[in-house]
Amino acid sequence: AAKAEGGHRVQLFDLAMRQAADERYRCIEDLRVSLTSGAFEVHYQPLVTMADRRPFGFEALLRWRHPTRGLLLPGSFLTEAESIGLMVPIGEFVVQQVCRQIGIWREVGLRPGRIAINLSRNDFQLGANIAGLTEAIVEAGVEPAQIEFEVSETVAFGTRGEEVVEVLLELRRQGFSIALDDFGTGHASLMHLHRLPVDTIKLDRSFIVEMADSVIDRALVRAVAALGRDLGMRVLAEGIETEEQATAVRELGCECGQGYLFGRPMTAETATDWLARHKPGAMPNFSAEAAR
Ligand code: C2E
Ligand code: MG
Ligand code: MG
Ligand code: MG
(Lines give C-alpha, C1' and ligand atoms only; values in the text may rest on other atoms or scores of the structure.)
(Ligands and ions follow the chains in the order given, each with its own letter.)
Protein backbone atom coordinates (compact mmCIF):
# COMPACT_ATOMS: atom_id res chain seq x y z
CA ALA A 1 0.00 0.00 0.00
CA ALA A 2 2.85 2.31 0.92
CA LYS A 3 4.34 1.82 -2.48
CA ALA A 4 1.10 2.60 -4.24
CA GLU A 5 0.71 5.73 -2.14
CA GLY A 6 4.21 6.79 -3.00
CA GLY A 7 3.45 6.32 -6.65
CA HIS A 8 0.36 8.42 -6.27
CA ARG A 9 2.40 11.18 -4.69
CA VAL A 10 4.85 11.11 -7.55
CA GLN A 11 1.95 11.53 -9.95
CA LEU A 12 0.66 14.53 -8.02
CA PHE A 13 4.13 16.00 -8.02
CA ASP A 14 4.40 15.49 -11.78
CA LEU A 15 1.09 17.19 -12.24
CA ALA A 16 2.15 20.21 -10.19
CA MET A 17 5.38 20.42 -12.16
CA ARG A 18 3.47 20.23 -15.41
CA GLN A 19 1.12 22.97 -14.30
CA ALA A 20 4.00 25.20 -13.24
CA ALA A 21 5.71 24.61 -16.57
CA ASP A 22 2.51 25.33 -18.48
CA GLU A 23 1.99 28.54 -16.55
CA ARG A 24 5.56 29.60 -17.21
CA TYR A 25 5.13 28.84 -20.88
CA ARG A 26 1.92 30.87 -21.05
CA CYS A 27 3.62 33.75 -19.24
CA ILE A 28 6.44 33.70 -21.79
CA GLU A 29 4.02 33.69 -24.71
CA ASP A 30 2.10 36.62 -23.16
CA LEU A 31 5.36 38.50 -22.56
CA ARG A 32 6.44 38.35 -26.18
CA VAL A 33 3.15 39.86 -27.30
CA SER A 34 2.97 42.43 -24.51
CA LEU A 35 6.11 44.31 -25.43
CA THR A 36 4.66 45.25 -28.80
CA SER A 37 1.03 45.62 -27.75
CA GLY A 38 1.39 48.43 -25.22
CA ALA A 39 0.77 46.27 -22.16
CA PHE A 40 3.92 47.45 -20.40
CA GLU A 41 3.92 50.70 -18.48
CA VAL A 42 6.43 52.72 -16.55
CA HIS A 43 5.43 53.91 -13.09
CA TYR A 44 7.23 56.61 -11.12
CA GLN A 45 8.17 56.63 -7.44
CA PRO A 46 9.44 59.83 -5.79
CA LEU A 47 12.97 60.13 -4.43
CA VAL A 48 13.21 62.67 -1.61
CA THR A 49 15.74 64.50 0.53
CA MET A 50 15.23 63.43 4.14
CA ALA A 51 15.71 66.92 5.59
CA ASP A 52 12.65 68.48 3.93
CA ARG A 53 11.00 65.47 2.23
CA ARG A 54 10.97 67.29 -1.05
CA PRO A 55 11.29 65.19 -4.19
CA PHE A 56 14.43 65.59 -6.27
CA GLY A 57 13.53 62.90 -8.79
CA PHE A 58 11.74 59.64 -9.49
CA GLU A 59 12.65 56.02 -10.03
CA ALA A 60 11.13 54.53 -13.18
CA LEU A 61 9.61 51.12 -12.39
CA LEU A 62 8.29 48.66 -14.94
CA ARG A 63 4.72 47.36 -14.71
CA TRP A 64 2.84 44.85 -16.82
CA ARG A 65 -0.87 45.42 -17.29
CA HIS A 66 -1.80 41.82 -17.94
CA PRO A 67 -5.07 41.25 -19.82
CA THR A 68 -6.37 38.73 -17.26
CA ARG A 69 -4.03 38.82 -14.26
CA GLY A 70 -4.17 42.57 -13.58
CA LEU A 71 -1.24 44.88 -12.86
CA LEU A 72 1.88 42.77 -12.39
CA LEU A 73 5.07 43.73 -10.55
CA PRO A 74 8.50 42.94 -12.02
CA GLY A 75 9.04 40.21 -9.43
CA SER A 76 6.45 38.05 -11.15
CA PHE A 77 7.80 38.25 -14.69
CA LEU A 78 11.38 39.55 -14.93
CA THR A 79 12.91 36.08 -14.55
CA GLU A 80 10.82 34.81 -17.46
CA ALA A 81 11.59 37.93 -19.48
CA GLU A 82 15.28 37.39 -18.89
CA SER A 83 15.07 33.74 -19.91
CA ILE A 84 13.82 34.69 -23.36
CA GLY A 85 16.23 37.57 -23.87
CA LEU A 86 13.65 40.27 -23.38
CA MET A 87 15.61 42.42 -20.92
CA VAL A 88 17.42 44.47 -23.56
CA PRO A 89 14.23 45.38 -25.46
CA ILE A 90 12.55 46.11 -22.12
CA GLY A 91 15.38 48.53 -21.30
CA GLU A 92 14.86 50.25 -24.64
CA PHE A 93 11.14 50.50 -23.94
CA VAL A 94 11.68 52.04 -20.50
CA VAL A 95 14.18 54.58 -21.83
CA GLN A 96 11.78 55.55 -24.60
CA GLN A 97 8.85 55.96 -22.19
CA VAL A 98 10.88 57.98 -19.71
CA CYS A 99 12.14 60.33 -22.43
CA ARG A 100 8.61 60.77 -23.74
CA GLN A 101 7.33 61.54 -20.25
CA ILE A 102 10.09 64.04 -19.53
CA GLY A 103 9.05 65.78 -22.78
CA ILE A 104 5.39 65.84 -21.72
CA TRP A 105 6.27 67.25 -18.31
CA ARG A 106 8.52 69.85 -19.91
CA GLU A 107 5.65 71.00 -22.14
CA VAL A 108 3.38 71.62 -19.18
CA GLY A 109 6.13 73.30 -17.19
CA LEU A 110 6.71 70.51 -14.66
CA ARG A 111 10.22 69.67 -13.57
CA PRO A 112 10.48 66.05 -12.39
CA GLY A 113 14.15 66.29 -11.40
CA ARG A 114 16.36 63.31 -12.11
CA ILE A 115 14.82 60.06 -13.30
CA ALA A 116 16.46 56.80 -12.26
CA ILE A 117 16.35 53.93 -14.76
CA ASN A 118 17.19 50.36 -13.74
CA LEU A 119 19.67 48.45 -15.86
CA SER A 120 19.81 44.66 -15.75
CA ARG A 121 22.90 42.50 -15.98
CA ASN A 122 21.88 41.71 -19.54
CA ASP A 123 22.53 45.33 -20.44
CA PHE A 124 26.22 44.70 -19.80
CA GLN A 125 26.51 41.45 -21.70
CA LEU A 126 27.65 40.82 -25.22
CA GLY A 127 25.09 41.99 -27.74
CA ALA A 128 23.59 44.56 -25.39
CA ASN A 129 23.47 48.10 -26.61
CA ILE A 130 23.96 50.68 -23.90
CA ALA A 131 25.24 53.14 -26.51
CA GLY A 132 21.86 52.72 -28.22
CA LEU A 133 20.13 53.69 -24.96
CA THR A 134 22.22 56.81 -24.45
CA GLU A 135 21.82 57.86 -28.09
CA ALA A 136 18.05 57.50 -27.79
CA ILE A 137 18.13 59.72 -24.70
CA VAL A 138 20.19 62.45 -26.35
CA GLU A 139 18.13 62.28 -29.56
CA ALA A 140 14.97 62.74 -27.50
CA GLY A 141 16.38 66.04 -26.28
CA VAL A 142 16.91 64.82 -22.71
CA GLU A 143 20.04 66.00 -20.92
CA PRO A 144 22.23 63.18 -19.56
CA ALA A 145 22.21 65.02 -16.22
CA GLN A 146 18.48 64.25 -15.99
CA ILE A 147 19.07 60.50 -15.97
CA GLU A 148 20.60 58.25 -13.34
CA PHE A 149 21.27 54.61 -14.23
CA GLU A 150 20.77 52.09 -11.42
CA VAL A 151 22.94 49.00 -11.34
CA SER A 152 22.50 46.44 -8.62
CA GLU A 153 25.44 45.74 -6.39
CA THR A 154 25.57 42.10 -7.48
CA VAL A 155 26.07 43.19 -11.10
CA ALA A 156 28.64 45.88 -10.32
CA PHE A 157 30.68 43.55 -8.12
CA GLY A 158 29.88 40.39 -10.08
CA THR A 159 32.10 38.17 -12.19
CA ARG A 160 32.20 40.66 -15.05
CA GLY A 161 32.60 43.58 -12.68
CA GLU A 162 35.59 45.06 -14.49
CA GLU A 163 33.68 45.37 -17.77
CA VAL A 164 30.70 46.81 -15.95
CA VAL A 165 32.93 49.47 -14.39
CA GLU A 166 34.22 50.42 -17.85
CA VAL A 167 30.68 50.94 -19.09
CA LEU A 168 29.75 52.95 -15.99
CA LEU A 169 32.80 55.17 -16.46
CA GLU A 170 31.77 55.84 -20.05
CA LEU A 171 28.20 56.67 -18.95
CA ARG A 172 29.60 59.11 -16.45
CA ARG A 173 31.88 60.70 -19.03
CA GLN A 174 28.74 61.41 -21.02
CA GLY A 175 27.18 63.16 -18.04
CA PHE A 176 24.84 60.45 -16.73
CA SER A 177 24.95 59.58 -13.07
CA ILE A 178 25.09 56.14 -11.51
CA ALA A 179 23.36 54.56 -8.54
CA LEU A 180 24.46 51.35 -6.86
CA ASP A 181 21.15 49.56 -6.22
CA ASP A 182 20.24 47.11 -3.45
CA PHE A 183 23.44 47.89 -1.61
CA GLY A 184 24.24 45.42 1.16
CA THR A 185 22.52 42.40 -0.34
CA GLY A 186 25.51 40.96 -2.17
CA HIS A 187 29.20 40.76 -1.56
CA ALA A 188 30.06 44.40 -1.96
CA SER A 189 32.71 45.46 0.42
CA LEU A 190 32.85 48.91 1.92
CA MET A 191 36.57 48.73 1.16
CA HIS A 192 35.97 48.52 -2.58
CA LEU A 193 33.21 51.07 -2.87
CA HIS A 194 35.56 53.89 -3.79
CA ARG A 195 36.66 52.00 -6.91
CA LEU A 196 33.21 52.24 -8.44
CA PRO A 197 32.08 55.32 -10.33
CA VAL A 198 28.98 55.82 -8.20
CA ASP A 199 26.99 58.95 -7.38
CA THR A 200 24.31 57.34 -5.21
CA ILE A 201 24.37 54.33 -2.91
CA LYS A 202 20.89 52.85 -2.49
CA LEU A 203 20.76 50.99 0.81
CA ASP A 204 18.60 47.94 0.39
CA ARG A 205 15.16 47.91 1.96
CA SER A 206 16.01 44.88 4.10
CA PHE A 207 18.22 47.06 6.34
CA ILE A 208 15.51 49.64 6.78
CA VAL A 209 12.94 46.98 7.71
CA GLU A 210 15.17 45.36 10.34
CA MET A 211 16.71 48.55 11.66
CA ALA A 212 14.41 48.97 14.66
CA ASP A 213 15.40 45.57 16.11
CA SER A 214 18.90 45.20 14.82
CA VAL A 215 21.97 46.92 16.21
CA ILE A 216 23.95 45.49 13.29
CA ASP A 217 21.65 47.02 10.68
CA ARG A 218 21.72 50.40 12.41
CA ALA A 219 25.51 50.24 12.55
CA LEU A 220 25.66 49.37 8.88
CA VAL A 221 23.34 52.19 7.84
CA ARG A 222 25.42 54.63 9.90
CA ALA A 223 28.69 53.34 8.45
CA VAL A 224 27.49 53.51 4.84
CA ALA A 225 26.10 57.00 5.40
CA ALA A 226 29.44 58.16 6.80
CA LEU A 227 31.43 56.51 4.04
CA GLY A 228 29.16 57.99 1.40
CA ARG A 229 29.70 61.44 2.86
CA ASP A 230 33.46 61.00 2.86
CA LEU A 231 33.50 59.66 -0.70
CA GLY A 232 31.12 62.35 -1.95
CA MET A 233 28.34 59.86 -2.71
CA ARG A 234 24.67 60.41 -1.95
CA VAL A 235 23.21 57.71 0.31
CA LEU A 236 19.55 56.85 -0.18
CA ALA A 237 17.54 54.52 2.05
CA GLU A 238 15.03 52.36 0.17
CA GLY A 239 11.66 51.21 1.41
CA ILE A 240 10.87 53.75 4.14
CA GLU A 241 7.30 53.02 5.24
CA THR A 242 6.99 54.54 8.71
CA GLU A 243 7.78 57.78 10.54
CA GLU A 244 9.99 55.80 12.93
CA GLN A 245 12.07 54.52 10.03
CA ALA A 246 12.30 58.00 8.53
CA THR A 247 13.53 59.45 11.83
CA ALA A 248 16.05 56.66 12.35
CA VAL A 249 17.38 56.91 8.81
CA ARG A 250 17.85 60.65 9.22
CA GLU A 251 19.55 60.32 12.59
CA LEU A 252 21.93 57.75 11.15
CA GLY A 253 23.00 60.26 8.52
CA CYS A 254 21.22 59.22 5.31
CA GLU A 255 20.45 62.26 3.23
CA CYS A 256 17.94 60.77 0.79
CA GLY A 257 15.07 58.33 0.93
CA GLN A 258 12.42 56.48 -1.02
CA GLY A 259 9.41 54.58 0.20
CA TYR A 260 5.66 54.33 0.57
CA LEU A 261 5.78 56.95 3.35
CA PHE A 262 6.73 59.60 0.79
CA GLY A 263 4.99 58.19 -2.26
CA ARG A 264 4.18 54.91 -3.93
CA PRO A 265 5.06 54.09 -7.52
CA MET A 266 2.44 55.94 -9.60
CA THR A 267 1.21 55.88 -13.16
CA ALA A 268 2.51 58.72 -15.32
CA GLU A 269 -0.85 60.49 -14.97
CA THR A 270 -0.91 60.24 -11.17
CA ALA A 271 2.74 61.29 -11.00
CA THR A 272 1.86 64.37 -13.03
CA ASP A 273 -0.78 65.44 -10.47
CA TRP A 274 1.59 64.58 -7.66
CA LEU A 275 4.36 66.69 -9.22
CA ALA A 276 2.05 69.65 -9.57
CA ARG A 277 1.32 69.45 -5.81
CA HIS A 278 4.87 68.78 -4.62
CA LYS A 279 7.41 71.25 -5.85
CA PRO A 280 10.64 69.40 -6.46
CA GLY A 281 13.64 70.83 -4.71
CA ALA A 282 17.05 71.30 -6.21
CA MET A 283 19.17 68.22 -6.72
CA PRO A 284 21.17 67.78 -3.53
CA ASN A 285 24.68 68.83 -4.32
CA PHE A 286 27.64 66.73 -3.35
CA SER A 287 31.33 67.32 -3.54
CA ALA A 288 32.04 64.54 -6.05
CA GLU A 289 29.55 65.97 -8.51
CA ALA A 290 30.78 69.47 -8.00
CA ALA A 291 34.35 68.30 -8.60
CA ARG A 292 33.55 66.58 -11.87
P1 C2E B 1 14.53 48.15 -7.13
O2 C2E B 1 15.25 48.75 -8.27
O3 C2E B 1 15.29 48.00 -5.86
O4 C2E B 1 13.24 49.04 -6.92
C5 C2E B 1 12.67 49.37 -5.68
C6 C2E B 1 11.53 48.43 -5.34
O7 C2E B 1 11.09 48.67 -4.02
C8 C2E B 1 10.30 48.63 -6.25
O9 C2E B 1 9.68 47.37 -6.43
C10 C2E B 1 9.43 49.53 -5.36
O11 C2E B 1 8.07 49.47 -5.69
C12 C2E B 1 9.72 48.93 -4.01
N13 C2E B 1 9.43 49.85 -2.91
C14 C2E B 1 9.65 51.18 -2.85
N15 C2E B 1 9.29 51.69 -1.66
C16 C2E B 1 8.82 50.65 -0.93
C17 C2E B 1 8.30 50.56 0.40
O18 C2E B 1 8.19 51.52 1.15
N19 C2E B 1 7.93 49.30 0.80
C20 C2E B 1 8.03 48.20 0.00
N21 C2E B 1 7.63 47.03 0.48
N22 C2E B 1 8.54 48.27 -1.25
C23 C2E B 1 8.92 49.48 -1.71
P24 C2E B 1 9.16 46.85 -7.84
O25 C2E B 1 8.62 48.00 -8.63
O26 C2E B 1 8.29 45.67 -7.58
O27 C2E B 1 10.48 46.39 -8.58
C28 C2E B 1 11.24 45.31 -8.13
C29 C2E B 1 12.56 45.23 -8.81
O30 C2E B 1 12.38 44.95 -10.22
C31 C2E B 1 13.34 46.54 -8.80
O32 C2E B 1 13.97 46.69 -7.55
C33 C2E B 1 14.30 46.31 -9.94
O34 C2E B 1 15.36 45.49 -9.56
C35 C2E B 1 13.43 45.55 -10.93
N36 C2E B 1 12.90 46.50 -11.93
C37 C2E B 1 11.82 47.31 -11.85
N38 C2E B 1 11.66 48.04 -12.97
C39 C2E B 1 12.67 47.68 -13.79
C40 C2E B 1 13.07 48.09 -15.12
O41 C2E B 1 12.48 48.97 -15.76
N42 C2E B 1 14.17 47.48 -15.64
C43 C2E B 1 14.87 46.53 -14.95
N44 C2E B 1 15.95 45.98 -15.55
N45 C2E B 1 14.54 46.14 -13.72
C46 C2E B 1 13.45 46.70 -13.15
MG1 MG C 1 16.27 50.39 -8.63
MG1 MG D 1 16.56 49.53 -5.38
MG1 MG E 1 15.69 46.81 -4.07
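The values are calculated or read from the model by the stated rules, or taken from the named source; none is laboratory data. Since the structure is predicted, the reported quantities are computational estimates derived from the model, not experimental observations. When we count neighbours, we look across all protein chains shown, and the Cβ atoms used for this are built from the backbone with ideal geometry, even at glycine.
A few notes on this one:
- Per-region count, the range 176-217, residues near ligand 3 (Cβ under 10 Å from one of its atoms) and part of a helix (DSSP H, G or I): 1
- For Tyr44: the one exception among (1) of a type in the set (Ser, Thr, Tyr); (2) modelled with pLDDT of 85 or more; (3) outside any strand (DSSP E or B); (4) under 23 Å from the mean Cα position of the chain (by Cα): (3)
- Residues within the range 242-279 that are under 17 Å from the mean Cα position of the chain (by Cα) and either of a type in the set (Phe, Trp, Tyr) or modelled with pLDDT under 95 (or both), tallied: 2
- Test: residue in the range 60-74 that is within 15 Å of ligand 1 (Cβ to nearest atom), modelled with pLDDT of 95 or more, crowded, with 18+ Cβ neighbours inside 10 Å and not hydrophobic (A, V, I, L, M, F, W, C): no
- Residue match in the range 146-154 (condition: more than 16 Å from ligand 4 (Cβ to nearest atom) and either free of Cβ contacts under 8 Å to residues at least 60 places away in the same chain or not in a helix (DSSP H, G or I) (or both)): yes
Rundown of residues vs (1) within 16 Å of ligand 2 (Cβ to nearest atom); (2) charged (D, E, K, R); (3) touching a strand residue (DSSP E or B) at 6+ places or on another chain (Cβ under 6 Å), yes/no style:
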{"residue": "Ser37", "(1), (2), (3)": "no, no, no"}
{"residue": "Glu41", "(1), (2), (3)": "no, yes, yes"}
{"residue": "Leu47", "(1), (2), (3)": "yes, no, yes"}
{"residue": "Thr68", "(1), (2), (3)": "no, no, no"}
{"residue": "Leu86", "(1), (2), (3)": "no, no, no"}
{"residue": "Arg106", "(1), (2), (3)": "no, yes, no"}
{"residue": "Ala140", "(1), (2), (3)": "no, no, no"}
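- Taking residues in the range 55-84 that are assigned to a helix (DSSP H, G or I), and partners anywhere that are among the hydrophobic types (A, V, I, L, M, F, W, C) and surrounded by fewer than 18 Cβ atoms within 10 Å (Cβ to Cβ), the pairs with Cβ atoms closer than 9 Å and at least 6 places apart or on different chains are Glu80/Ile28; Ala81/Ile28; Ala81/Leu35; Ser83/Ile28.
- The residues on offer are Thr270, Thr247, and the sole one that is free of Cβ contacts under 8 Å to residues at least 12 places away in the same chain and touching a His at 6+ places or on another chain (Cβ under 9 Å) is Thr270.
- Candidate set from the range 173-184 (those that are without any contact (Cβ under 8 Å) to a residue 60 or more places away in the chain, touching a strand residue (DSSP E or B) at 6+ places or on another chain (Cβ under 8 Å) and not aliphatic (A, V, I, L, M)); member that is surrounded by the most Cβ atoms within 10 Å (Cβ to Cβ): Phe183
- Taken together, Ala219, Ala225 contain a single residue that is at negative phi, small (Gly, Ala, Ser) and surrounded by 15 or more Cβ atoms within 10 Å (Cβ to Cβ), which is Ala225.
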